[in-house]
Amino acid sequence: MSDPGSKVSWAVGKKKVLCVGLCVMDYVTVVKKFPKETVELRCAKGFWQRGGNSSNICTVLRNFGVNCEFFGMLSTSNLFRILIEDMQTRGICIDHCPRCDKEPPFASVILSTSPKTQNIIYCRNKTYPYVSLEDFQKIDLNNYGWIHFRCLYANVTLSMMREVEKFNEQNPKGERIIISMDFDRALEEMWPLVDYCDYVFFSKQLADQHGWLTPKDACAIMDEKMRMRWGLNLKRPYIIFMWRKEGVACVDPHGNYTLVPAYTIKPSKMVDPLGAGDTLTASFIYARYIRERDVSISLDFGNRMASHKCTKYGYDHIA
Ligand code: FRU
């Protein structure tokens, strides 16, 4: 397989990738053993980094040299200044992000070495606003070739997707913006959004919540739901299940199932799984959109990069 990850600037001439979602501060604590109740413990390592799914996807896309933009609420708090500077230094465009003076969201992440676990405690003040349709309408959609939505509020995301659809309808076929979404909330809320997507990414967490035991079962259930919704209309999206160590499963618009196996790494090499799914999504977008590879090669590349991501802390060893 040829490698879509080589450093040549394939992104030249491609329209921007826009990632809609949240930017948060991740406080990462690495401990040898997961703490028991009421103990004081020294960590093996501790650091902070910019996080949040769409913000992480931008980090990885930028590392591949992709012209990308983050669109989400930014806070004017002192703490957030470091995150904003980090995005600016890396060349992630934030020109259309609205600002607020509310305390920004953060996540406390505990990575335990034995057993290897990742625990995320996500903290977002209810008053922290989300980007609105009005904010989104200020963006000139002519500049984008792919828009990825992290779906947090289904209604807002739906209204944004409708804007993109309207834009696509007014533009010649080859110029349409591709839409992808990642989602791990109530499925009933999601169905209207799926109608607008080309690619939908689900996490294994969603499958666990529904008791879908294997990637094949999860995909069969999704395929069935898609058929009920779409009939034989091939406008339905690719459904992608990120199934951690087993790899990525996919059902295409014709209902064909594929499992693209993961690249297993030795347990001793597994250092930091935080954001592995975001890395997979970003790498898929890169291979599929920038390098124009077919879906299975793009998923394979996504798997490879997700495994590689886990071998070191952060994202800067990718690309
Ligand atoms: C990893 C991540 C973290 C963030 C958490 C919740 O996938 O994006 O960076 O803290 O998920 O959004």
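At a Förster radius of 30 Å, what calculated FRET efficiency corresponds to the Cβ-Cβ distance of residue 269 and residue 205, to the nearest 0.05?
The computed FRET efficiency comes out at 0.80.
Counting heavy atoms of the protein chains only and a 1.4 Å probe, report the per residue accessible area for the chain as a whole number of Å².
On a per-residue basis, the chain sits at 47 Å².
Apply the a/c threshold of 1.5 to the C-alpha gyration tensor of the range 41-82 and tell me whether it is rounded, prolate or oblate.
oblate
How much mean residue ellipticity at 222 nm does the chain get from its helices, if each DSSP H run of length 4 or more adds -39500 (n - 2.57) and you divide by all residues, to the nearest 500 deg cm²/dmol?
So the helix-based figure for the chain works out to -9500 deg cm²/dmol.
How many percent of the accessible area of the range 1-106 is carbon or sulfur, using a 1.4 Å probe?
Carbon and sulfur atoms account for 51 percent of the accessible area of the range 1-106.
Sort out the exposed loop GluC sites (Glu not before Pro) in the chain (DSSP loop, at most 12 other Cβ within 10 Å) and tell me the longest stretch that has none.
That gives 41-291 as the longest site-free run.
Once the Cα gyration tensor of the range 249-289 is diagonalised, what are the square roots of 5 times its eigenvalues, in whole Å and ordered largest first, as equivalent ellipsoid semi-axes?
25, 14, 8
What are the semi-axes of the equivalent ellipsoid for the range 190-319, taken as the square roots of 5 times the Cα gyration tensor eigenvalues, largest first, in whole Å?
26, 16, 12
With a Cα-only, solvent-free Debye model of the chain, what are the log10 I(q)/I(0) values at q = 0.10, 0.11 Å⁻¹?
-0.56, -0.68
Name the lysines eligible as straight-distance cross-link partners of residue 138: C-alpha to C-alpha under 17 Å, and not fewer than 8 places from it in the same chain.
The reachable lysines, counting only those whose Cα sits under 17 Å from residue 138, are 16, 166.
For the chain, what proportion of DSSP beta bridges, expressed in % and rounded to the nearest 5, is antiparallel?
Bridges in the chain are about 40 percent antiparallel.
Select from the chain the helices, each a whole stretch of DSSP H, whose alpha-carbon atoms run 20 Å or more along the helix axis and whose Kyte-Doolittle mean is at least -0.5; answer none if there are none.
TM-like helix candidates: 154-169, 295-309.
Using 0.36 nm per residue, how much length does the chain from residue 235 to residue 186 gain when fully extended, once their Cα-Cα distance is taken away?
Fully extending the segment from residue 235 to residue 186 adds 15.3 nm.
Could you tell me the largest-minus-smallest coordinate of the C-alpha atoms of the range 38-171 on each of the three principal axes, in descending order and whole angstroms?
Rounded to whole Å, the extents work out to 60, 35, 29 Å.
The values are calculated or read from the model by the stated rules, or taken from the named source; none is laboratory data. In this text, all values refer to a predicted model and were calculated from it rather than measured experimentally. So basically every Cβ, Gly included, is an ideal-geometry build from the backbone, and we count neighbours across all protein chains shown. To get the accessible areas, we keep the full protein, side chains included, count just its heavy atoms, and leave off ligands, DNA and RNA. Shrake-Rupley method; radii C 1.70, N 1.55, O 1.52, S 1.80 Å.
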